[in-house]
Every structure is written in structure tokens, then in C-alpha cells.
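Student: Once you've had a glance at the structure underneath, I'll fire off some questions.
FYI, it's all coordinate maths here, none of it is from the lab. Quick caveat: nothing in here was measured; it's all calculated off a predicted structure. No Cβ is skipped: glycine too gets one built from the backbone with ideal geometry, and neighbour counts run over all protein chains shown.
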């Protein structure tokens, strides 16, 4: 219908939310992920079950999927009544999203690239000295040495002189490390030789093109790097064997599968005629990331249940949520326009049924900022991107051209440094909310990063809002996506126009002021503030100040009640990094707010797990102007209760 909107189809960089009246050539790329599935504002969805390059076209007259290869027309129509219902059906069809470890929801620091063992360990040490929270550090490529040894899955670079000590040192500071692995191998690697013997390497140009690691590449010295065939189960076994023996044995905590689309350079149509285990590459092209990610997940699950799989990857296909993967948006070029485009990229990706997504905070390339970190416009952009990243499923700073560690931006007491630190610390205060939302994703097929049409389908104004979204079902996030302080005059505060969806009242997270929905307002946005609004009826747990996610257990939580509507929230807890939750070892505490009678009901705790607090304190705060707001602990709480796991009614009249 003319007034119908559709969403999903993966991730593109055009900055548009509604996917009506567009034409897409769907073939996986660095910054574009294609998933042939969309959700309609009319409450239905359609999954075109085809893996080959496909043209999607929508006009006022018709909507068409046209694929290059197919044994037959194969599609699924789903009616769910609303977006959540459709996505639930898609996940019932293609797989449930497992839980990530708690520590993956903390802050991640990365760059292209840490060039030595001492450097990467030193970054973690510096964060601990500064008192800025950090849970993860990421080692990018070339720890294996030269390009002929590409992706050897071993530390053959002499700068990494004792990788076991490196991992142990990072773990000793209560941080985690994940590492770059690829789908391609250099001709001098053991994997290359073994895969070549079973004809599981493909013939087309991929990254890196040159055997030299100098830039620009010397193409007269070709690297000989070839992409492997993850459709071949024997090839997946070989891949895992070397990953397990070379890296997992050291205690590496997770995998960064880069170039999982994979990189296809100097494209020729005949390249798609390469043979895979499941037919021509053309037939299965878009499912490549699904198979390569799935190979790692499946093998690790067979290996151990003591450590949850965590995969960061650059591309995705339908169903990838079942393989413990968080997809990032690729090597985007930093700009204000690109920042805004990440919002719609993440929302449409999430509306494609895959709930875990993130972007390179600050943008990967700094081509538009030749002065790099010396450019005040870039420093401002970085802060605003980081504020957005704090409200994504993964908060990860990464890029090339300039390092992004907090201390590269100044020191404590300076506006940019303080703004960065504030956003990171806010992320940690919200971990009980974020982790409980992750459980809602796993248990109930929910979505973490939510386009406004998911929660406000009857408000026509939200159908194409491309710079606001819900993070979980309670927090409205309105990132600042334009420059306001280029001259770094932070004393003159600027404002942002934003829309509050109708049908509910909203509370300004920072001030506690209550505002009716259905209107556009102005919000002052100093450099260290991202506009956040909390829906009336919300019960929001605020966690402790910590240096890493598991430093303190969640006793003495501040429970903020946003009055004006009935509401409920389920606090979820488990051991944090194993699969015992699949055996029922976890706990849920349901909080319910009766707005008319001003009663908070804390229900009987359901379940238990080793190390669980049997008795705990909750500090209850009824949010009001300048009370129970922002990122500071509320000293004068309204009530404090001791909870023994049994139902309690707390009256506030």
C-alpha cells in the first residue's frame, strides 16, 4: 500500500530507514550486508530464501526479488502482527540468538593495529592506571608476520615474543582479548597447503593483493592469498584445528573474523563460477559469512561449554544470530553524514532479525580529517560517535590513521577526555539493564536496538525517523549527528531538535523532568551529554561503578521508577560466561509497578545459579526533577529494601 513502510534487507549506508522505493543489488560487501528479508509496517514479513546475488526492487506498483541462481522459488511469509512478532517468527525459523558473555557488553578498545605485545598490554595497563573502565582489547592483523604467512593463526611476528604471557598479563588485569582471523590464507601457511590438497581454496583476487605490506601495494609481488571454502565441512574442520591449536590454546577470549563477506577485489563475473562444496560460488555467494562464522561457533560449542562463543564479524546473512556473532558495519569513512548513516544501518540490520550490531567508533578511515586528532571537528565527531556507541549492542572504538585510546584525546579535566570517560562510565552503570535486555533477546526473540516503529507503530511520525531509536524497550536515544562546537567553545551550549513519540510521557534521563510525548522539543546538548529519554512506566536498574563488568556483583542496585504508567522489568543474572543458563542455571527477579496505587511489587525470584546472592539490597528511587536522574548515585533514595527472594509489596503512598 502507498502508506506502507518496509524495513530490514540487511545493512546499507544510505542513511534511510524506510526501504520503500529503492533498488539494491544484493551481494555482500565491506560496508553493505544483504539479508533478503523485510518487515512491513502492516505487521508481516517476507524472507526470500536464496543465497545468490539478487536484485531487490520496490516501486509503487510492485516489490520484486530477482536472484541469479535458484533451484526453485523459495520464500517464507510471516504474519506477526507487529515487528517483534515477525522477527520472533524469523528467529524461530533461522535460529535463536545465544547469550554473549557479560564482559562483551563492557567497553572495547582497538585500533589498526597494535604492533607489539608490549604495546597492547600497555594499553590495558594505562586504562587501569587512569581508572577508565575497560573490558576488552583487540589484536588486529599481522601478528602472524608477512603477507605470505597471512592468517597463519600463530604469533610468528617477533614483536609478539611470548604470546602466552601477553594473554596472561591481559587476563591478570581483568580484561579480555579477541584477535583477528580471516577466511583467507597466505601460500606459506600450513592451512593453505592442507586446504589446497582437498581443493578447498578459491581462485579470485582478495585482500591483501601484494606480498609486500608497504602502501601502496606492490602488485608485481602478488601475495598468493586465497579464500577458503567454508561450505566444505572438511575445510571447516581444518580451519578450526589451526584456530584451536594456535590461538584458543593460549586462552584467547573471542574471534574477530574480518572480511567475512569475503573481500573480492578486481571483480570479474566469471569469479562467481568458482566451485564450492555446495555448488558454484554464484549459487551460495551471499551465505558465505553465515558458513564461515558458523564453522567457528559450531566447533567451539563442541569443544567446551565453559566459555561462551563471541565472534565479531564484518558481514552477515539470515540466521547468523544463532552463531554468537556481533556484526560491525565495516570500514566506513569518518564524517558526520557517516555517523547518521550508522544509526539507520544498525536499525535496519536489527530489523533483519539479527540483534547484535556495532560500528567502528569514530569511523575507520580519517580521510576527511587530514589533521586527524588535532582537528577539533574530528574530536567532536569522535565524542558524538562514542556516545552513540554506548547505546549499541557492542561499544567498540576502532580505526586506522590515528589511535583512539582515551589518553590520545587529552587528560582528565579537559572537555573531550571527560566527555569520553563519562560515556564509558555510563555504559557500565547500565549493564544490569543491558544484560537483562540481552536475556530478553535470547529468551523472547526481542531486539536490543529498536527503530521507533517497533514500539510506536501507531505514531505515523516515527516511521522514517532516522536519528532516534529505542535501546531496549525503555530508553529513547537521540544521538547528536552534526557539528556544534567546531571551535571548541564549550561554554555556549547548543540545542538539538528531537521528537518524543506519542502515547506515553517521557522523562529526561539527565534532569528527571517529565514531558508529554507527541511533540518536538529542543534539548541542550553540551559536549558530554547525549539526549536520553526514559518512557513512563519504566523500572530501570542502575549498576555499581566498576572498572570491568564483573568487578562487583549487583547488590545494592539503585532501582529507578519512572511514574505515569504501569510497567515491569525482569532483572536477569547468571554466571556470566558459560552455557549453564541453557540448563536452567540463572535467576530472574520481576519488578512490577502499579502506577495507580503507587506500589512496587518485587516478585518471587525464579531460579538460581552458583554464586548468586540469596539476600540483597535494593535502593528504590521515584524519579522526579533533580532526583534519581543522570549518571550520579542517588543519595536520598525513597526506600531501601532487603530482598530474600520472596515477593514483596512496597507502598509509596
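Student: With both partners inside the chain, how many of the DSSP beta bridges are antiparallel, as a percent to the nearest 5?
Tutor: The answer is about 70 percent antiparallel.
Student: On C-alpha positions alone, give me the angle between the axis of helix 83-94 and the longest principal axis of the chain, in degrees, nearest 10.
Tutor: Around 40 degrees separate the two axes.
Student: At 0.36 nm per residue, minus the direct Cα-Cα distance, what do residue 4 and residue 244 gain on full extension? Give it in nm, one decimal, please.
Tutor: Full extension of this stretch gives 81.5 nm more.
Student: Take every Cα-Cα distance within segment 101-323, group them into 10 Å bins from 0 onward, and report for each bin the whole-number percent of pairs it holds.
Tutor: In whole percents, the pair-distance histogram is 8, 33, 36, 19, 4, 0.
Student: I've got another one for you. Please label the shape of segment 1-107 as rounded, prolate or oblate, based on the square roots a ≥ b ≥ c of the eigenvalues of the alpha-carbon gyration tensor (a/c under 1.5 means rounded; beyond that, a/b larger than b/c means prolate, else oblate).
Tutor: Rounded.
Student: Relative contact order for segment 101-323: what is it in percent, counting Cα pairs under 8 Å that are at least 6 residues apart? Don't jump to the answer; show the numbers that get you there.
Tutor: Numbers: 402 pairs, mean separation 41.0, N = 223.
RCO, segment 101-323: 18 percent.
Student: Just to verify a number: FRET efficiency for residue 624 and residue 444, C-beta to C-beta distance, R0 = 35 Å, to 0.05?
Tutor: 0.65
Student: For semi-axes √(5λ) of the Cα gyration tensor in Å, one of (1) 36, 34, 25; (2) 64, 26, 22; (3) 39, 29, 25 was computed from the structure I shared and the rest are decoys. Which label?
Tutor: Correct label, based on the coordinates given: (3).
Student: Using Cα atoms only, what is the angle between the long axis of helix 117-130 and the major principal axis of the chain, expressed in degrees (0 to 90) to the nearest 10?
Tutor: The angle comes out at about 10 degrees.
Student: Turning to a different aspect of this structure: Residues of segment 252-291 with backbone nitrogen within less than 15 Å of a virtual label 7 Å along the Cα-to-Cβ line of residue 115, please, listed as ranges.
Tutor: none
Student: Along the principal axes of its C-alpha atoms, what lengths does segment 308-405 span, in descending order and rounded to whole Å?
Tutor: Each principal axis gives a Cα extent; for segment 308-405 these are 42, 25, 20 Å.
Student: Give, as ranges by residue number, the residues of segment 1-28 whose backbone N falls under 19 Å from the point 7 Å along Cα→Cβ of residue 42.
Tutor: 1-9, 18-22
Student: Using alpha-carbon positions, what is the distance between the centroids of segment 595-611 and segment 85-106, in Å?
Tutor: Here the answer is 25 Å between Cα centres.
Student: As a test of understanding, state the convex hull volume per residue of segment 189-298 from its alpha carbons, in Å³.
Tutor: Expressed per residue, the convex hull around the Cα atoms of segment 189-298 is 118 Å³.
Student: To continue, here is another question. Only counting other Cβ atoms within 10 Å, I'd like 644, 603, 398, 445 sorted with the fewest neighbours first. Walk me through the numbers before you get to the answer.
Tutor: On the way: 644 10, 603 16, 398 24, 445 21.
Taking fewest neighbouring Cβ atoms as first place, the list is 644, 603, 445, 398.
Student: Specify whether the C-alpha gyration tensor of segment 536-597 places it in the rounded, prolate or oblate class, a ≥ b ≥ c being the square roots of the eigenvalues: rounded for a/c under 1.5, otherwise prolate if a/b is larger than b/c and oblate if not. Please report the intermediate quantities before stating the final value.
Tutor: Values: a/c = 3.64, a/b = 1.61, b/c = 2.26.
Since a/c reaches 1.5 but b/c is at least a/b, the shape of segment 536-597 is classed as oblate.
Student: Which parts of segment 585-629 would a label at residue 642 reach, counting a residue when its backbone N lies under 12 Å from a point 7 Å out along Cα-to-Cβ?
Tutor: The answer is 615-618.
Student: With everything on Cα atoms, drop me the angle between helix 288-303 and the longest principal axis of the chain, reported from 0 to 90° to the nearest 10.
Tutor: Around 80 degrees separate the two axes.
Student: I need the calculated FRET efficiency for the pair residue 520 and residue 62, taking r as the beta carbon distance and R₀ as 22 Å, to the nearest 0.05.
Tutor: Taking R0 as 22 Å, the efficiency between residue 520 and residue 62 is 0.05.
Student: With both partners inside segment 206-347, how many of the DSSP beta bridges are antiparallel, as a percent to the nearest 5?
Tutor: 35
Student: Next question. Which distance in nm do the two modelled labels at residue 93 and residue 268 give, with both placed 7 Å along the Cα-to-Cβ direction?
Tutor: Each label point is offset 7 Å from its Cα along the Cβ direction, giving 3.7 nm.
Student: Calculated from DSSP H runs of 4 or more alone, at -39500 (n - 2.57) each and per residue, what is the 222 nm mean residue ellipticity of the chain, nearest 500?
Tutor: Roughly -6500 deg cm²/dmol at 222 nm, from the helical runs in the chain.
Student: Give me 265, 247, 347 sorted ascending by neighbouring Cβ count inside 10 Å, so fewest comes first.
Tutor: Fewest-to-most ranking of 265, 247, 347: 265, 247, 347.
Student: Moving on. If you average the sequence gap of Cα pairs under 8 Å that are 6 or more apart and divide by the length of the chain, what percent do you get for the contact order?
Tutor: Details: 1566 pairs, mean separation 86.0, N = 653.
Answer for the chain is 13 percent.
Student: Further, regarding this structure: As a test, work out the antiparallel percent of DSSP beta bridges whose residues both lie in segment 101-323, rounded to the nearest 5. Mind showing how you got there, number by number?
Tutor: Numbers: 6 of 19 bridges.
For segment 101-323, the DSSP antiparallel bridge percentage is about 30.
Student: In nm, to one decimal, how far is the modelled label at residue 168 from the one at residue 582, with both set 7 Å along Cα→Cβ?
Tutor: 3.1
Student: Rounded, prolate or oblate, given the Cα gyration tensor of segment 462-569, with a/c below 1.5 counting as rounded? Kindly include the intermediate steps, with their values, before the conclusion.
Tutor: On the way: a/c = 2.09, a/b = 1.20, b/c = 1.74.
It comes out oblate by the Cα gyration axes.
Student: Next question. Tell me, in nm to one decimal, what length is gained between residue 374 and residue 412 on full extension, where the rule is 0.36 nm per residue of separation less the Cα-Cα distance?
Tutor: Separation in residues times 0.36 nm, less the Cα-Cα distance, equals 11.9 nm.
Student: Same structure, new question: What does the convex hull of the Cα atoms of segment 535-651 come to per residue, in Å³, rounded to a whole number?
Tutor: 110
Student: If neighbour count is taken as other Cβ atoms inside 10 Å, put 481, 617, 538 in order from fewest to most.
Tutor: Ascending Cβ contact count within 10 Å gives the list 617, 481, 538.
Student: Separate question: Can you compute the modelled spin-label distance between residue 493 and residue 158, with each label point 7 Å from Cα toward Cβ, in nm?
Tutor: 5.7
Student: If you don't mind, another one. Full-extension gain between residue 590 and residue 25, please, as 0.36 nm times their residue separation minus the C-alpha to C-alpha distance. Could the numbers behind the result be given before it?
Tutor: On the way: separation 565, 0.36 × 565 = 203.40 nm, distance 4.58 nm.
Computed gain between residue 590 and residue 25 is 198.8 nm.
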